[in-house]
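Take a look at the structure set out below.
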Amino acid sequence: MSKKISFQIICSFAVIFELSHFQILTLIHTTKGIVIRTVKYGETSVIVSIFTELFGIQSYLVNGARTSGKSTKAHFFQPSSLLEMQVYHNELKNLQRIKDLKWSSLYKNIFSEVTKNAIALYIVELLQKCLKQPETNEELFHFCEDAFLQLDISTNSVTANFPIYFAVHLAQMLGFRLLDNYSEERNIFNLQEGIFSEEQSASPHHVNKEISHHIAELLRALQPQDLEGIKLNRRTRFSILKILENYYLWHVPEFGKMKTLNVLSEIMG
């Protein structure tokens, strides 16, 4: 056998191996997902950022999602949508594909009520700023999924405090929890450290006693229904949300400013 023919055979086997290897790497998985962001791509397609149960944050190219007619899939890709998907996943690729999808849960109120929709968008923005690497975190996914479902059915008094509740518990799950060590002596919240300190040690990173007391109240809310009895006015809620924004700035690289905060300030009583 000539060297030329041998080389051709080797090349053929190499191509077959590469194709087989690619097929092995690209497998179909069933996973739940929370839609984080949708960006237009070309004339009819979109690139959707989805926080998935199995793979963490992932980007999916969806062809024809913006076409008109019964086959359009645009309604699935609203921020905060809860989906169940069959996806092609290849760890070597940054852009994945969706084989099939359906609603995992269909909201009754989040897409139709202004206040709940604004809170859902706040949660989505917070997740977008914090979830920057495609790391699997099923516990965090289930917490977020449950948070959206609880928000959808929450009463007005629970809804009003829900953004604070979510931001506090998300920080805990990401590893920089706010410590509930409030007492008569330790009654000044330290923004940088995430703990309550004594008044004489107050610094520019501390907040006043009144706001510190309300933060302590909210830290004791372990479930959304625990928010029912916490009565705050709009100004106090916004102050606490700004404090939490600054707390995230200390702990999440390139966090930036929350665009949805001003919207919440306007619509939440």
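The values are calculated or read from the model by the stated rules, or taken from the named source; none is laboratory data. The shown structure was predicted, so the numbers you read here are calculated from the model rather than taken from an experiment. Methodologically, a virtual Cβ is constructed for each residue, glycine included, from the backbone with ideal geometry; neighbour enumeration extends over all protein chains shown. Quick note on the areas: whole protein, heavy atoms, side chains included, nothing else; ligands and nucleic acids left out. Shrake-Rupley method; radii C 1.70, N 1.55, O 1.52, S 1.80 Å.
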inquiry  = Could you go through segment 230-237 and let me know if any residue there is surrounded by fewer than 19 Cβ atoms within 10 Å (Cβ to Cβ), farther than 28 Å from residue 145 by Cα and either in contact with an Asp or Glu (Cβ under 7 Å, 6 or more places away or on another chain) or not hydroxyl-bearing (Ser, Thr, Tyr) (or both).
reply    = yes
ask   = Is segment 103-110 home to any residue that is of a type in the set (Gly, Ala, Ser), surrounded by 15 or more Cβ atoms within 10 Å (Cβ to Cβ) and over 30 Å from residue 156 (Cβ atoms)?
value = no
inquiry  = Out of everything in segment 135-148 that is in a helix (DSSP H, G or I) and open to solvent by 60 Å² or more (accessible area, probe 1.4 Å), what residue ends up being nearest to residue 228 (Cα to Cα)?
reply    = 146
request  = Would you please list the contacts, defined by Cβ atoms under 7 Å and residues six or more apart or on different chains, that run from a residue in segment 174-190 that is touching a residue at least 12 places away in the same chain (Cβ under 8 Å) to a residue that is open to solvent by less than 70 Å² (accessible area, probe 1.4 Å) and in a loop (DSSP other than H, G, I, E, B)?
outcome  = 176/194; 177/194; 178/194; 179/194; 188/202; 189/207; 190/205
request  = Among the candidates 86, 96, 78, single out the residue that is touching a residue at least 24 places away in the same chain (Cβ under 8 Å) and farther than 23 Å from residue 136 by Cβ.
outcome  = 78
ask   = Among the candidates 99, 93, 132, which residue alone is under 12 Å from the mean Cα position of the chain (by Cα) and outside any helix (DSSP H, G or I)?
value = 132
request  = Name the single residue, out of those in segment 187-210 being under 22 Å from residue 252 (Cβ atoms) and not in a strand (DSSP E or B), that is modelled with the lowest pLDDT.
outcome  = 203
inquiry  = As an exercise: evaluate residue 38 against (1) in a loop (DSSP other than H, G, I, E, B); (2) at pLDDT 95 or above; (3) open to solvent by 20 Å² or more (accessible area, probe 1.4 Å); (4) touching a helix residue (DSSP H, G or I) at 6+ places or on another chain (Cβ under 6 Å) and give the number of the one condition it does not meet.
reply    = (1)
